[in-house]
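Reviewing the structure listed below.
The values are calculated or read from the model by the stated rules, or taken from the named source; none is laboratory data. These numbers were taken from a predicted model, which means no experiment stands behind them. Surface accessibility is based on the protein's heavy atoms, side chains included, excluding ligands, DNA and RNA. Shrake-Rupley method; radii C 1.70, N 1.55, O 1.52, S 1.80 Å.
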Amino acid sequence: MANEHNHEEELHVQHITVIDENGNEQLCEVIHVHESPEFGKSYVFYSMVGAEEDEDGSVEIFVSSFVPSDNGEDGELTPIETEAEWDMVEDVLNALEDEDEE
């Protein structure tokens, strides 16, 4: 019996390069992108490639708002500025964690 393989179901891993406060480039894996009509922004959830898991098997997740460039190929990450944005981001992260547990 042959195994059927559906290429559309393959996960596409996307990477971004983040420049830290010291000017060092860090390769990161995009976990999720969330569009928020409420704030009129996109938010990117990401983790460092090669990050060590903690005792629970989790890695640290970072979130930034994202402003795409005019060419649509890259853009600028900006810090989350308000408590209301953090509340929304936390709700999205909790929903993602709930999906992973199912």
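How long are the three semi-axes of the equivalent ellipsoid of segment 13-99, in whole Å, if each is the root of 5 times an eigenvalue of the C-alpha gyration tensor, listed from largest down?
Working from the Cα gyration tensor, I get semi-axes of 20, 19, 12 Å.
Which order do you get for Ser36, Ser58 if you rank them by accessible area with a 1.4 Å probe, largest at the top?
Most to least solvent-accessible, the answer reads Ser58, Ser36.
Using the heavy atoms of the protein chains alone and a 1.4 angstrom probe, what is the accessible area of segment 13-99 per residue in square angstrom?
Using a 1.4 Å probe on heavy atoms only, each residue of segment 13-99 averages 70 Å².
If you roll a 1.4 angstrom probe over the protein chains with everything in place, what fraction of the accessible area of segment 13-99 belongs to carbon and sulfur, to the nearest %?
45 percent
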